[in-house]
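Single-structure report; data block below.
The values are calculated or read from the model by the stated rules, or taken from the named source; none is laboratory data. Note that the coordinates shown come from a computational prediction; the quantities given were computed from them, not determined experimentally. Note: ideal-geometry Cβ built from the backbone for every residue, glycine included; neighbour counts use all protein chains shown. Side chains are part of the model used for accessible areas, which takes the heavy atoms of the whole protein and leaves out ligands, DNA and RNA. Shrake-Rupley method; radii C 1.70, N 1.55, O 1.52, S 1.80 Å.
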Amino acid sequence: MTASTTKIERSAPAIRAVLAEVSPPECARFEAEFTESLARASAEFDLAPAEAVLDRWWGIAVIRVNPLSEREAAQVAAAKAGELTGLRARDEQGNWVQL
């Protein structure tokens with residue numbers, strides 16, 4: 001069974017549209033942070049503050065529109081409880097191994 005993933009453009013309008021639909025309180029926080037970052041970018045003549053806000057909120061928007069499946073949520077809960085059996089990690093040589 002293949003899960004479909006909703007892709008979101010990494011742009012302020014796309015992020016804002018998704019958050020407005022799925023999480024209005026977070027949309028308001030995004031708008032405030034983005035507005036503040038644009039003011040900083042203008043004052044510093046550097047787009048880095050705005051880019052950092054876009055990076056952070058793009059990830060949040062993608063997660064909100066593509067929530068974990070029940071199986072994935074159970075895996076996260078198990079890992080938080082210390083149960084790592086079945087997960088993969090890199091060994092000392094950089095190879096993936098199953099725990």
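Some observations on this one:
- Residues that are under 14 Å from the mean Cα position of the chain (by Cα) and of a type in the set (S, T, Y) were ranked within segment 1-46; the one that is most open to solvent (accessible area, probe 1.4 Å) is T5.
- Where a residue in segment 39-50 is in a loop (DSSP other than H, G, I, E, B) and its partner, wherever it lies, is not polar (S, T, N, Q), with Cβ under 6 Å and at least six apart: L47/A41
- Checked against (1) in contact (Cβ under 8 Å) with a residue 40 or more places away in the chain; (2) open to solvent by 90 Å² or more (accessible area, probe 1.4 Å), I60 passes all but condition (2).
- In segment 61-99, the residues that are within 27 Å of T6 (Cβ to Cβ) and among the basic types (K, R): R64, R71, K80, R88
- The residues of segment 63-85 that are open to solvent by 80 Å² or more (accessible area, probe 1.4 Å), assigned to a loop (DSSP other than H, G, I, E, B) and either among the acidic types (D, E) or modelled with pLDDT of 90 or more (or both), listed by number, are A81, E83.
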